[in-house]
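Working notes, beginning with the structure itself.
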Ligand code: PLP
């Protein structure tokens, strides 16, 4: 039997192989420490939960408009006005079932068969698969540790062809934790304007940013930049609402309409109750967000210090999100009990088997010789996990 070639081209999530091995070990009673989580370990704040309960009690449990309830779209527009001085009207907002779904809408609304999408690596694992599904061609633009895992306009220039349709930017970044500065963004945005390239700006970690730094959206660089930028964001990460599945886009009206049409035939509206919860998240008290950010900043300092104390491992201090991107080049080529560490994958597998620590190897993120550790886990786990990693690395010969 022949299945869809498009579907067959989609690879399994690379994080899942390690994840399933970690689960198996846990089920067997092993004390596994996991650094794989892509979600806050905090509970959804109470005011948000109560808003959902209240929505149920009031009977807001029916279909809603496809692109989301008016008050939520207004709250999203207000959020971008107050935080980033950007003017969007509610009909330029499309609410979807998580930012991942928003991204799917964006790629399907933008791409024709063979259109090229510039994707700086390391990238979040889902982008290439969604681009391929939508018929696009992924053009990976590699970065280096020396440039803080960020691309410049000059780097991108080399990859632009007559088929280049869009660029994906993700700041703060999953997996590197890096944040683009105003100057860096300005150069990139100018290049995109010159070449009429859409900028898909994934801003899902915009509030999880440390050291008093501020997120900047590429849409902030004037009218033309705003016209070409499609902002993707959501409540999953900032409000510990990963299970509620609410994401959104801000774009020009024409594209918002196309995405709404697409969504109307694929998923209809996002969950009505979760939309009321998301409305409360954006428009209610922000104290829990502040507390989470403070806690993440503390853990970031700790994990950064502990990683860099291990000889052979090194990382740049993350500025946002909740991941640390660790360079393994100092241990690649060494051996553990006769087994050569020839890749991040091998390192992660041996570490899990021998020290029961789960980390995500970098191959799925489009880069070699790194691992991603999430610090959305307790201080105690961070200390214990890094002590085990240290012990493992000290055994390498
Ligand atoms: N974008 C990035 C960079 C992410 O890391 C994630 C989640 O891991 C998402 C989007 C998806 O978020 P959501 O849970 O809202 O679909």
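Odds and ends about this structure:
- Here residue 87 fulfils each of the conditions (1) away from the ligand (no atom under 15 Å from the Cβ); (2) assigned to a loop (DSSP other than H, G, I, E, B); (3) more than 28 Å from residue 253 (Cβ to Cβ) apart from (3).
- All of (1) touching a helix residue (DSSP H, G or I) at 6+ places or on another chain (Cβ under 8 Å); (2) under 26 Å from residue 293 (Cα atoms) hold for residue 41 with one exception: (1).
- The range 217-228, subset more than 16 Å from the ligand (Cβ to nearest atom) and outside any helix (DSSP H, G or I), residue farthest from the chain's Cα centre (by Cα): 222
- Complete set of residues in the range 130-155 that are in contact with a strand residue (DSSP E or B) (Cβ under 9 Å, 6 or more places away or on another chain) and either at pLDDT below 95 or not in a loop (DSSP other than H, G, I, E, B) (or both): 131, 132, 137, 138, 139, 140, 141, 142, 145, 155
- Taken as a whole, the condition of being crowded, with 21+ Cβ neighbours inside 10 Å and outside the structural domain of residue 215 (by TED's automatic domain parsing) does not apply to residue 10.
- For residue 208, the stated conditions hold: it is over 24 Å from residue 92 (Cα atoms) and either touching a strand residue (DSSP E or B) at 6+ places or on another chain (Cβ under 6 Å) or within 16 Å of the ligand (Cβ to nearest atom) (or both).
- The residue that is nearest to residue 13 (Cα to Cα), counting only those in the range 123-138 that are more than 12 Å from the ligand (Cβ to nearest atom) and surrounded by 20 or more Cβ atoms within 10 Å (Cβ to Cβ), is 128.
- Residue list for the range 13-71, restricted to those being within 16 Å of the ligand (Cβ to nearest atom) and at positive phi: 68
- Matching residues in the range 195-214 - criterion: being within 26 Å of residue 316 (Cα to Cα) and either in a loop (DSSP other than H, G, I, E, B) or at pLDDT below 95 (or both): 203, 204, 205, 206, 207, 208, 210, 211, 212, 213, 214
- Of the criteria (1) in a strand (DSSP E or B); (2) within 16 Å of the ligand (Cβ to nearest atom), which one residue 326 fails: (2)
- Considering each residue of the range 103-122 in turn, at least one proves to be within 16 Å of the ligand (Cβ to nearest atom), over 27 Å from residue 361 (Cα atoms) and crowded, with 21+ Cβ neighbours inside 10 Å.
- Matching residues in the range 1-49 - criterion: being part of a helix (DSSP H, G or I), within 24 Å of residue 205 (Cα to Cα) and out of contact with any strand residue (DSSP E or B) (no Cβ under 6 Å at 6 or more places or on another chain): 14, 16, 19, 46, 47, 48, 49
- Residue count, the range 267-282 (criterion: in a helix (DSSP H, G or I) and more than 23 Å from the chain's Cα centre (by Cα)): 3
- Only a single criterion out of (1) buried (at least 20 other Cβ atoms within 10 Å of the Cβ); (2) more than 30 Å from residue 213 (Cβ to Cβ) is not satisfied by residue 292, namely (2).
- Unmet criterion (only one of (1) surrounded by fewer than 24 Cβ atoms within 10 Å (Cβ to Cβ); (2) at pLDDT 95 or above) for residue 192: (1)
- Residues (more than 9 Å from the ligand (Cβ to nearest atom), closer than 19 Å to residue 117 by Cα and touching a residue at least 60 places away in the same chain (Cβ under 8 Å)) located in the range 229-243: 230, 231
- Just one of the listed residues (8, 21, 16) is at pLDDT below 95 and farther than 22 Å from residue 123 by Cβ, and it is 21.
- The residues of the range 244-268 that are in contact (Cβ under 8 Å) with a residue 40 or more places away in the chain, surrounded by fewer than 22 Cβ atoms within 10 Å (Cβ to Cβ) and within 16 Å of the ligand (Cβ to nearest atom), listed by number, are 245, 267.
The values are calculated or read from the model by the stated rules, or taken from the named source; none is laboratory data. Remember, predicted model here, so these are calculated numbers, not experimental data. Neighbour counts run over all protein chains shown; Cβ positions are idealised from the backbone, glycine included.
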